[in-house]
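Structure first, commentary second.
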Amino acid sequence: MKYTFEKAEKSTVKVTIELETVEWKEANEKAYEKTKGRYSMPGFRKGKVPKKVLEGAYGVGLFYEDAINYAFPIYFGDILDKEPSIKAIAQPELDIKDISENGITMIAIVPVKPEVKLGQYKGLTFKKNTYRVKVDDVKAELTRLQERNSRMVEVDRAVENGDTVTINYSGSVDGVKFEGGTAENQTLVIGSNTFIPGFEEQIIGMKKDEDKDINVKFPDEYHAENLKGKPAVFAIKLLKIETKELPELTDEFIKDAVGAESLDAYKDEVRERLKKQNADRTQRELEDAIVKKITETTEVEIPDAMIESQIDNMVQEMSYRLSYQGLKLEDYLTYLGKTMDDFRNDYRAQATEIVKSQLVIEKIIEEEKIEATEKDVEKRIEEMAESQGKTAPDIKKNFNARQLDYIKNEIIIKKLFDLLKKENTIE
């Protein structure tokens with residue numbers, strides 16, 4: 001094998017690989033052995049047709065594609081082992097320049113980790129936001145606790161905003177019922193804006209067992225083409241009205257709900273928790289601001305493969321979030337009226353910023369020679385063990401390589417931001 005490589009555009013390396021007759025013949029033989037079971041011809045058992053006979057019948061290039069698939073990963077892998085300067089970050093694009101019985105020339109365009117020319121990252125000035133815990137913040141936490149422990153009770157009065165109603169309904173357009181427009185025992189929270197505009201508002205004031213015709217108009221951007229912008233009438237029967245009953249905030253309720261000794265004691269716990277959340281928010285925003293400012297003055301040519309990979313991650317994350325709501329990404333895109341290409345393109349600017357920030361962080365770590373020592377790791381494991389009421393050996397025996405890498409990365413990132421905060425002015 002002969003090979004050459006040179007830098008190409010947009011953080012890629014062009015690798016030219018030449019396989020001579022012996023190497024190319026070997027690859028073809030391997031391809032034949034792997035695929036000969038597919039072929040049968042008169043006079044031969046299936047899988048026993050000689051290579052020369054098959055090539056005579058189907059052409060000399062019959063096994064070329066399989067031979068390339070066999071040979072390229074092997075020889076390309078050898079090159080990467082010999083040339084540590086080629087730091088491939090994604091699968092290469094492969095092009096065949098010359099191919100014959102006597103050999104093959106393959107050209108691989110390899111996305112590589114880009115060179116990063118750091119902007120100024122020391123001697124800068126940043127403003128730190130601080131957040132106080134307000135009385136209303138504590139009240140909001142208490143209300144959320146009440147909501148989690150609430151119960152629905154049926155009421156005998158007219159419907160009010162916020163009530164949950166159970167209804168039967170039947171919708172029609174121009175006097176004709178349409179598909180999906182009829183339901184029985186449908187629950188609806190008034191004010192949730194679950195139904196089309198104007199529907200929920202007209203239920204307010206209705207009483208149990210009351211019948212009513214509700215007049216609405218489907219939005220112009222409604223997902224069903226046959227209903228877009230059309231006026232409709234829904235015949236409603238109100239079956240039940242329920243409201244949410246919140247428990248009273250008493251010492252007894254607090255003790256049962258969260259285990260605190262009293263309402264005042266729980267308020268103190270909430271305040272301390274919110275203080276920590278605010279402190280974490282302050283540090284997170286400061287660190288984001290530092291990275292953003294350094295990134296703005298950093299020069300780097302990001303290969304498309306890195307951006308596409310980040311978009312893949314973001315799309316996958318959105319797919320997971322939708323699945324928790326019982327939705328499929330394909331259905332969500334249909335509802336939005338977007339193609340997958342449109343959807344991915346919406347993420348492109350954000351993905352580019354994320355990748356650039358990651359490259360900046362990695363470059364500063366490299367420049368400053370920041371690392372997680374064995375002592376650092378042991379200390380972190382001891383902290384984890386103490387927080388869990390265990391010993392360090394108990395924690396370590398269940399660790400795998402991935403978990404240790406996570407701890408090391410956590411330590412390195414903390415050291416990085418400790419350095420950046422120390423080397424810059426924080427107001």
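Computed from the coordinates by the stated procedures, all read-outs in this text should not be read as laboratory data. Keep in mind that what you see is a predicted model, and the values were worked out from it rather than measured. A quick note on method: Cβ atoms are made from the backbone with ideal geometry, for glycine too, and the neighbour counts reach across all protein chains shown.
Here are the numbers for the structure shown:
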{"quantity": "Candidates K397, K122, K369, ranked by Gaussian network fluctuation over the chain, Cα under 10 Å, top entry", "calculated": "K397"}
{"quantity": "Helical mean residue ellipticity (222 nm; -39500 (n - 2.57) per DSSP H run of 4+; nearest 500) of the chain", "calculated": "-15500 deg cm²/dmol"}
{"quantity": "Whichever lysines have a C-alpha closer than 27 Å to that of K122, once near sequence neighbours (fewer than 8 apart) are set aside", "calculated": "K113, K292, K293, K356, K363, K369, K408, K414, K415, K421, K422"}
{"quantity": "Long-range amide H partners of F126 with built H, under 5 Å", "calculated": "T425, I426, E427"}
{"quantity": "Span-like helix ranges in the chain, DSSP H, alpha carbon extent 18 angstrom or more, Kyte mean at least 0.0", "calculated": "none"}
{"quantity": "Contact order normalised by residue count of the chain, Cα under 8 Å, 6+ apart, percent", "calculated": "17 percent"}
{"quantity": "Candidate lysines - alpha carbon under 26 Å from K134, same-chain residues fewer than 8 apart omitted", "calculated": "K255, K267, K275, K276"}
{"quantity": "Distant-in-sequence amide H partners of D163 (H built 1.01 Å from N, under 5 Å)", "calculated": "I190"}
{"quantity": "Environment charge at F343 (Cβ cut-off 15 Å; Lys +1, Arg +1, Asp -1, Glu -1)", "calculated": "-3"}
{"quantity": "Estimated FRET transfer efficiency (E29, E115; beta-carbon r; R0 35 Å; 0.05)", "calculated": "0.25"}
{"quantity": "Highest average packing first - 293-304, 317-328, Cβ atoms within 10 Å", "calculated": "293-304, 317-328"}
{"quantity": "Lysines whose Cα lies under 17 Å from that of K51, excluding same-chain neighbours fewer than 8 positions away", "calculated": "K25, K30, K34, K36"}
{"quantity": "Size of electric dipole in the chain: Cβ of Lys, Arg +1 and of Asp, Glu -1, about Cα centre, debye, nearest 20", "calculated": "820 debye"}
{"quantity": "Relative contact order of segment 2-113, defined on C-alpha pairs under 8 angstrom at six or more residues apart (%)", "calculated": "37 percent"}
{"quantity": "Residue among K207, K14, K113 with the largest mean-square fluctuation in a Gaussian network model of the chain, springs linking Cα atoms under 10 Å", "calculated": "K207"}
{"quantity": "Rounded if a/c under 1.5, otherwise prolate or oblate - segment 279-409, Cα gyration tensor axes", "calculated": "oblate"}
{"quantity": "Other-chain or far-sequence residues with amide H under 5 Å of A8's (modelled H)", "calculated": "V13, K14"}
{"quantity": "Longest to shortest principal axis, alpha-carbon extents of the chain, angstrom", "calculated": "91, 67, 45"}
{"quantity": "Computed over segment 151-245: relative contact order in percent, which uses C-alpha pairs under 8 Å that are six or more apart", "calculated": "41 percent"}
